[in-house]
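Below: the structure, in structure tokens.
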Amino acid sequence: VQLQASGGGLVHAGGSLGLSCAASGRAFSSYGMGWFRQAPGKGREFVASIMWSGSSTSYADSVKGRFTISRDNAKNTVYLQMNSLKPEDTAVYSCSASSTGWGGPQISRYDYWGQGTQVTVSS
């Protein structure tokens with residue numbers, strides 16, 4: 001599976017951005033998908049995950065209520081809608097795929113990673 005994230009950019013605090021992650025391969029609908037982020041000087045941090053069917057999602061406490069993960073298996077795409085953005089959301093956001101069907105917050109459960117997209121939130 002190859003993953004390509006897009007949609008990052010510069011936004012003011014309180015604004016919104018929508019990220020997309022396009023996946024190649026016929027098995028996309030069987031993969032659990034996740035979004036992670038990495039800020040300068042910090043480790044990779046879990047943001048959100050979604051089950052292969054889309055029936056279950058999980059969020060980091062820091063983004064709960066502001067971010068929404070979704071997927072369209074017909075388009076081989078997973079999305080991350082980010083609202084009420086804060087300067088501390090500034091990071092490179094990457095999407096990932098888990099062949100187990102559900103990755104959750106554990107980095108080790110993900111088999112494939114895409115290149116990230118930069119999100120910068122100004123105060």
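The values are calculated or read from the model by the stated rules, or taken from the named source; none is laboratory data. In this text the structure is predicted, and so the values were computed from the model without any measurement. Don't worry about glycine lacking a Cβ; one is built from the backbone with ideal geometry, like all the others, and counts go over all protein chains shown. In case anyone asks, the SASA skips ligands and DNA or RNA and just uses the protein heavy atoms, side chains included. Shrake-Rupley method; radii C 1.70, N 1.55, O 1.52, S 1.80 Å.
Observations on the model:
- Probe 1.4 Å, protein heavy atoms only - accessible area per residue of region 1-78 in square angstrom: 50 Å²
- Here the spin labels are modelled as points 7 Å beyond Cα on the Cα-Cβ line, and at SER6 and LYS86 they lie 3.1 nm apart.
- Fully extended contour minus Cα-Cα distance, from GLN118 to SER53, at 0.36 nm per residue: 20.6 nm
- Beta bridges per DSSP with both ends in the chain, % antiparallel, nearest 5: 90 percent
- Within the accessible surface of the chain, defined with a 1.4 Å probe on protein heavy atoms only, the carbon and sulfur portion equals 48 percent.
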